[in-house]
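The values are calculated or read from the model by the stated rules, or taken from the named source; none is laboratory data. Note that the structure is predicted; figures quoted are calculated from it, not measured. Neighbour counts are summed over all protein chains in view; Cβ atoms, including those assigned to glycine, are modelled from backbone coordinates with ideal geometry. Each accessible area value is taken on the protein alone, full model and side chains, heavy atoms only, with ligands, DNA and RNA left out. Shrake-Rupley method; radii C 1.70, N 1.55, O 1.52, S 1.80 Å.
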Amino acid sequence: MNLNHIRHNLDLISVLIIYFIIGFFLINYYQYSLNADSISYITIAQEYLNRNFADAVNGYWSPLFSWLLIPFLPFSSSPQFNIYLARILSLITGVLTIIGINLLISRFKIDKTSKTLVLFSLIPIILSFLFGLISPDLLVTTILIYYLYIIFDPDYPNKKYIGILCGILGALAYLSKSYALPLFLAHFVLFNLIYYFKSTNRKKQRKIFKNLILGLTIFFIISGFWIALISDKYGKSTFGTAGDYNHELVGPQSNGDFVYYHGLIKPPNKFAVSAWEDPSYFKMKSWNAFGSWDNFKYQITLILDNVVKIINIFEVASLFSIIIFIASIIIVFKSNIKKTSKNKLIYLITTITLYLGGYSLVLIEPRYLWLVNILLLIMGFYLLNLLFEIGSLKGTVKNILLAFLILSFVVNPINALILNLDIGKDSYTLSEALEHYKIHGNLASNDEWRVTDYLAYYTSSKYYGQTKQNESYNNLKKELKVNNIDYYLVWGNSKENIKLSHDFKEVTNGTIDQLRIYSIKN
């Protein structure tokens, strides 16, 4: 790297240095942040590390994040340190995210000041992403950013084999999260068709068609390997079971996640903490939007509810998100901007619409929309530059709007990073109390599934889940004995405490507020 290259990328280098400094400072305050999904990704990585491949292959949790975590785990000394290592992996992923966004910005005509503002705004935004939950959402966002950088290239139709790289990135995105498979196929095919019909040159059209075929071929070769593995494991053709599970979860007859009502379930293998490591096997009531008129109306209502959730999520990301999106559509249809600039807005609008379309049918979580948040950030700055270019904005007004825009995108991430310091530490502290009483082995609880799952993870125990609600006391005792439960955790002032205290020893002597722990085997 020569001196000129360093000077040219000084802003990017500065951002990465500041990002790393703040990231390594904050990681100590987020080493307890955990959820059930995080535990699954970590334990699956442990299964790969211990060559337990049959159990590691999982149709619900996509494999790439766990694969990338494998080299870190030999350095771990405890379950808690696994979380720390997963954070380091996410911190490294964030570097690639920032570099990718820097490349993607180059596809749009954004002045240096605006580009610098975007880059520096990424520090709190990306840190808030990676310190939220341990998940592959930042990983899939990063991969798709690099894919968009390639597919948005105006010179894409002139490049012979660029489709191969698109196919590789699409497959990696799918291996990060199964939703990327339909997204990539729809997006890649659509954009190649756009390029194909925009071109009047037969030679260019042949290159575009060749890129399409090569990209799809590479994509299906790589992703097909994983599809074959999980299809064989579950005895049916599938590219991932998460979509089916979530579709049933939001169905008209759903009772919610199975872990809250199914009763006790043995974890599937010696590394799994709970049955949540593979929800694929637990079927809820299936439904089809076109199966009946009531189902169709329910699906429409679900879509509308999800649209409202999307709007709310975008308003949290930035108060200007919806304005940016609507303004971009208006400018595309009503302004006299250059065709190339208009096309870039169309590409962004199309990508965002496609991305949101699939999720609006089923389930929405804020972390699912990180890619869209980043695209809206870029779109906002690009929009201001276009308006300034065509004379709709004066320099002073533009600068004021830039300041408001940047603040709107960074205020909530900064606030979240501050408010969530040491999040989850209470569960870790409670697990230390359990260690003091040597509580370890097969656990069950009457309530608080998530917290008990965390306690089981920290104490290297097995969590069989919650007992059924309103179960008779005799059936409760039978269920605990049949499943070889060592300790039964009773949260709150349960009426069962009186009966349990007669039959089993309460090991903490009531020293833990709102929690009684009964030794079932002694």
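Worth pointing out:
- Selection within the range 237-253 - at negative phi and either in contact (Cβ under 8 Å) with a residue 60 or more places away in the chain or among the small types (Gly, Ala, Ser) (or both): Ser237, Thr238, Phe239, Thr241, Ala242, Gly243, Tyr245, Asn246, His247, Leu249, Val250, Gly251
- Criterion applied to Ser114, Ser40, Ser77 was being within 23 Å of Glu432 (Cα to Cα), among the small types (Gly, Ala, Ser) and crowded, with 18+ Cβ neighbours inside 10 Å, and the one residue passing it is Ser40.
- All of Asn336, Asn306 fail the test of being in contact (Cβ under 8 Å) with a residue 24 or more places away in the chain and either open to solvent by less than 70 Å² (accessible area, probe 1.4 Å) or of a type in the set (D, E, K, R) (or both), apart from Asn306.
- Flag for Ala54 being surrounded by fewer than 21 Cβ atoms within 10 Å (Cβ to Cβ) and among the small types (Gly, Ala, Ser): yes
- For the range 167-207, the set of residues classified as at pLDDT 95 or above, in contact with a Pro (Cβ under 7 Å, 6 or more places away or on another chain) and not basic (Lys, Arg) consists of Leu175, Ser176, listed by residue number.
- Qualifying residue in the range 183-197 (condition: assigned to a helix (DSSP H, G or I), open to solvent by less than 10 Å² (accessible area, probe 1.4 Å) and touching a His at 6+ places or on another chain (Cβ under 8 Å)): no
- Filter result for Ser501 (among the hydroxyl-bearing types (Ser, Thr, Tyr) and open to solvent by less than 40 Å² (accessible area, probe 1.4 Å)): no
- Residue match in the range 453-460 (condition: of a type in the set (Gly, Ala, Ser) and either out of contact with any Phe, Trp or Tyr (no Cβ under 8 Å at 6 or more places or on another chain) or open to solvent by 10 Å² or more (accessible area, probe 1.4 Å) (or both)): yes
- Thr350 vs. criteria modelled with pLDDT of 90 or more, β-branched (Val, Ile, Thr), open to solvent by 40 Å² or more (accessible area, probe 1.4 Å) and assigned to a helix (DSSP H, G or I): no
- Some residue of the range 145-153 being acidic (Asp, Glu) and either in contact with a Lys or Arg (Cβ under 8 Å, 6 or more places away or on another chain) or surrounded by 23 or more Cβ atoms within 10 Å (Cβ to Cβ) (or both): yes
- Hey, Leu407 open to solvent by 30 Å² or more (accessible area, probe 1.4 Å), within 17 Å of Ile313 (Cα to Cα) and not in a helix (DSSP H, G or I) or not: no
- Residue in the range 254-262 that is open to solvent by less than 70 Å² (accessible area, probe 1.4 Å), touching a residue at least 40 places away in the same chain (Cβ under 8 Å) and not polar (S, T, N, Q) present: yes
- Looking only at the range 214-233, and only at residues there that are touching a residue at least 60 places away in the same chain (Cβ under 8 Å) and surrounded by 17 or more Cβ atoms within 10 Å (Cβ to Cβ), the one that is farthest from the chain's Cα centre (by Cα): Lys233
- If you go through the range 253-271 and keep only what is in a loop (DSSP other than H, G, I, E, B) and modelled with pLDDT under 90, you end up with Gln253, Ser254, Asn255, Gly256, Asp257, Tyr261, His262, Gly263, Pro268, Asn269, Lys270, Phe271.
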